[in-house]
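Every number here is computed from the coordinates shown, using simple stated rules; none is lab data. As the structure is a computational prediction, the values presented were derived from the model and not from experiment. Cβ atoms come from the backbone with ideal geometry, glycine included; neighbour counts cover every protein chain shown.
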Amino acid sequence: MQNPVLEAYFQRRGTQVAVAVALDVSKQTVNDWRRQGFVAPKHAAAFEAFTGIARKQACPVFMWIAPKRRTRSEAKEGV
């Protein structure tokens, strides 16, 4: 199952090695992500930081939940 966003990135940038080195994973792992159409959830944040592709697009099979916003009282208390 191809992910058009990932595929476009790799077609444009052309290097899986740079992603593998930046994320400290094997080239085969990056190739698997490309073939499967998604980045492993545990690497999605690092992939997003390196490529600029939102984790929701890089890993659409995972249900991403927005972080809970702290209230003003929680922020003052340091919770």
Query - Radius 10 Å from Cβ of VAL19, net charge of other residues (Lys, Arg +1; Asp, Glu -1) - result: +3
**Report entry** Rounded, prolate or oblate (a/c below 1.5 giving rounded, otherwise prolate when a/b exceeds b/c) for the stretch 1-42 by Cα gyration tensor
**Finding:** oblate
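How much length would be gained if the chain were fully extended between ALA49 and VAL61, taking 0.36 nm per residue of separation minus their Cα-Cα distance, in nm to one decimal?
2.4 nm
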Requested in this report: Just add up the charged neighbours of PHE50: K/R +1, D/E -1, any other residue whose Cβ is under 13 Å from the Cβ of PHE50.
Outcome: 0
